[in-house]
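A short write-up of the structure that comes next.
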Amino acid sequence: MHQLTLAEIARGLADKKFSSEELTKTLLARIAQLDPQLNSFISLTEDLALAQAKAADARRANGESGALLGAPIAHKDLFCTQGIRTSCGSKMLDNFKAPYDATVVAKLAAAGAVTLGKTNMDEFAMGSANESSYYGAVKNPWNLEHVPGGSSGGSAAAVAARLLPAATGTDTGGSIRQPAALTNLTGLKPTYGRVSRWGMIAYASSLDQGGPLARTAEDCAILLQGMAGFDPQDSTSIDEPVPDYSAGLNGSLQGLRIGVPKEYFSAGLDPRIAELIHNSIKELEKLGAVIKEISLPNMQHAIPAYYVIAPAEASSNLSRFDGVRFGYRCEDPKNLEDLYKRSRGEGFGPEVQRRIMVGAYALSAGYYDAYYLKAQKIRRLIKNDFMAAFNEVDIILGPTTPNPAWKLGAKNSDPVAAYLEDVYTITANLAGLPGLSMPAGFVDGLPVGVQLLAPYFQEGRLLNVAHQYQLNTDWHTRTPTGF
């Protein structure tokens, strides 16, 4: 049963081939057996999962149906879950049990999804490797000596290792798409505002977006259907109708205009990945797509702009973690200043501290105009580049990452080298666009992803292209050895 996709599980439950309770017990046993070598989960929720599975089976017995009814999933550990530890991968929140459910959690639970647990992640979603977690690094199931990508690396590793069919993630600068690429999954970052951020612990509020991680575009369509929609509790949520993503998967690609930015194929891209991207382009041409070279001239400024804006917002968002109201509190503080300093110094890891310091500096008097304001102007130029490109093409295609997964610890002494792994993904967050990564092949036995970007609220178009591509390729069906 562990090899079944979300769509196959929905059909199996509908046909009474197995019950949700049977499936849940099978997957919980598999997690207990295999996850110690991956470290992809922070918390398992066996009692909740079995209760939800029994309830889903009862709902089906009463005539209810639905693609997510009884389907097992997991949540990245920054989605608040009532009464369950929500740690954000940090010592700061190791003892925090959320008093309410995030909107995403509540919506998926209402649809009948079964929550198996909370997945490991980079601390406060800051990282590209899932090595900054307080609970230890996550391992890539394709090679346990390599990173799975981050910050949603726990969700990605768990799905890639067939511990469960799908999981939620969040994407601030590529944190769904990059681990999807490095673990042979399909991962989708929706348009900013498409999925509610209420109850999602914030890193950078103008960039964060929740989305699905699964093995296929079809599964991502099912999970996104349950996650998307307007939420009056989230001031950044957009009241836009949610289409039937699954119904749009089988549209023809005949005449689809695909733009390939020349800036993507620079010296920083592994030539073996470039070859796989060109192979993907040829496959889509066979399906009727028309390829056109385009330019995104301001892409070169994306990383410096992002690494001013994101830390600036992080320094503001993380100021609430002060040892007073909730979270970690230092022992025997001498006074209020000592309480703040030691609680934050002991509760936050080095990567989080680094980004808070950078952000606080960028927002300080005398530097705000020189750094933060200038970065926001560059952000607008990047958005304008995309708007101009989408006047000529329907989607944009390129690599998801410049390199395959690197070895654990290889970039720990050079944070900037890790930041450069986000070069192709962060532009979508700066512009608020939807982006998808899908499997495109292997380099040295490690997976590689191809990225698709579309205009606002065109997630359905991305899923359609990825689904048609996956009907004609088999990269997404490959399973890591031992799993």
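The values are calculated or read from the model by the stated rules, or taken from the named source; none is laboratory data. The structure displayed is predicted, hence computed values, not measured ones. All Cβ positions, glycine included, derive from the backbone under ideal geometry; neighbour counts span all protein chains shown. Just the protein is used for accessible areas: all its heavy atoms, side chains included, with ligands, DNA and RNA removed. Shrake-Rupley method; radii C 1.70, N 1.55, O 1.52, S 1.80 Å.
Residues of the range 449-474 being closer than 25 Å to Tyr307 by Cα and among the β-branched types (Val, Ile, Thr), which ones? Of everything in the range 449-474, just one residue is closer than 25 Å to Tyr307 by Cα and among the β-branched types (Val, Ile, Thr), namely Val450.
In the set (1) touching a helix residue (DSSP H, G or I) at 6+ places or on another chain (Cβ under 6 Å); (2) free of Cβ contacts under 8 Å to residues at least 60 places away in the same chain, Lys97 fails one condition alone, (1).
Selection within the range 28-45: residues that are part of a helix (DSSP H, G or I) and touching a residue at least 24 places away in the same chain (Cβ under 8 Å). The member of this set that is nearest to Gly70 (Cα to Cα) is Leu28.
When you look at Asn403, is it closer than 12 Å to Pro455 by Cα, open to solvent by 30 Å² or more (accessible area, probe 1.4 Å) and not basic (Lys, Arg), yes or no? No, not satisfied.
Just checking, does the range 191-206 include any residue being of a type in the set (Phe, Trp, Tyr), under 24 Å from Ala7 (Cβ atoms), in contact with a helix residue (DSSP H, G or I) (Cβ under 7 Å, 6 or more places away or on another chain) and surrounded by 24 or more Cβ atoms within 10 Å (Cβ to Cβ)? No, the range 191-206 contains no residue that is of a type in the set (Phe, Trp, Tyr), under 24 Å from Ala7 (Cβ atoms), in contact with a helix residue (DSSP H, G or I) (Cβ under 7 Å, 6 or more places away or on another chain) and surrounded by 24 or more Cβ atoms within 10 Å (Cβ to Cβ).
Only one of the numbered conditions (1) open to solvent by 10 Å² or more (accessible area, probe 1.4 Å); (2) on the phi < 0 side of the Ramachandran plot; (3) in a loop (DSSP other than H, G, I, E, B); (4) at pLDDT 95 or above is not met by Gly255, and that is (2).
Consider the range 72-92 and keep the residues that are of a type in the set (A, V, I, L, M, F, W, C) and more than 19 Å from the chain's Cα centre (by Cα). The one that is most open to solvent (accessible area, probe 1.4 Å) is Ile84. Here Asn391 meets each of (1) closer than 22 Å to Ala302 by Cα; (2) within 18 Å of the chain's Cα centre (by Cα) with one exception, condition (2). Scanning the range 445-473 for residues that are part of a loop (DSSP other than H, G, I, E, B), out of contact with any strand residue (DSSP E or B) (no Cβ under 9 Å at 6 or more places or on another chain) and more than 18 Å from Asn429 (Cα to Cα) returns a single hit, Asn472. Within the range 316-334, identify whether any single residue is over 22 Å from Ala125 (Cα atoms), over 21 Å from the mean Cα position of the chain (by Cα) and open to solvent by less than 30 Å² (accessible area, probe 1.4 Å), and answer yes or no. Within the range 316-334, one or more residues are over 22 Å from Ala125 (Cα atoms), over 21 Å from the mean Cα position of the chain (by Cα) and open to solvent by less than 30 Å² (accessible area, probe 1.4 Å). The residue list Glu337, Glu421 contains one member that is acidic (Asp, Glu) and open to solvent by 40 Å² or more (accessible area, probe 1.4 Å), which is Glu337. Assessment of the range 51-62 against the conditions (crowded, with 24+ Cβ neighbours inside 10 Å and either over 30 Å from Gly347 (Cα atoms) or free of Cβ contacts under 8 Å to residues at least 24 places away in the same chain (or both)) yields at least one matching residue.
Checking each residue in the range 386-409 for being out of contact with any strand residue (DSSP E or B) (no Cβ under 9 Å at 6 or more places or on another chain) and in contact (Cβ under 8 Å) with a residue 24 or more places away in the chain picks out Pro402, Gly409. Residue-level check: of (1) closer than 28 Å to Pro165 by Cα; (2) open to solvent by 20 Å² or more (accessible area, probe 1.4 Å), Lys262 misses just (1). No other residue among Leu69, Leu28 is surrounded by fewer than 24 Cβ atoms within 10 Å (Cβ to Cβ) and either under 22 Å from the mean Cα position of the chain (by Cα) or under 30 Å from Glu145 (Cα atoms) (or both) apart from Leu28.
Ala302 fulfils the conditions (1) under 26 Å from Asn384 (Cβ atoms); (2) part of a helix (DSSP H, G or I); (3) open to solvent by 10 Å² or more (accessible area, probe 1.4 Å) except for a single criterion, (3). A Cβ distance below 7 Å, combined with a sequence gap of six or more or placement on separate chains, defines the contacts here; from the range 236-253, residues that are more than 23 Å from Leu68 (Cα to Cα) reach no residue that is hydrophobic (A, V, I, L, M, F, W, C) and at pLDDT below 95. Picking from residues in the range 379-420 that are β-branched (Val, Ile, Thr) and in a helix (DSSP H, G or I), the one that is nearest to Leu207 (Cα to Cα) is Ile382.
Residue-level analysis places Leu436 outside the set of residues that are over 30 Å from Gln37 (Cβ atoms) and among the hydrophobic types (A, V, I, L, M, F, W, C). With respect to (1) within 21 Å of Ala221 (Cβ to Cβ); (2) crowded, with 20+ Cβ neighbours inside 10 Å; (3) under 19 Å from the mean Cα position of the chain (by Cα), the lone exception for Ala106 is condition (2). Across the range 265-294, which residue is farthest from Met387 (Cα to Cα) among those that are in a loop (DSSP other than H, G, I, E, B) and either open to solvent by 60 Å² or more (accessible area, probe 1.4 Å) or among the charged types (D, E, K, R) (or both)? Looking at the filtered set, the residue picked out is Asp270.
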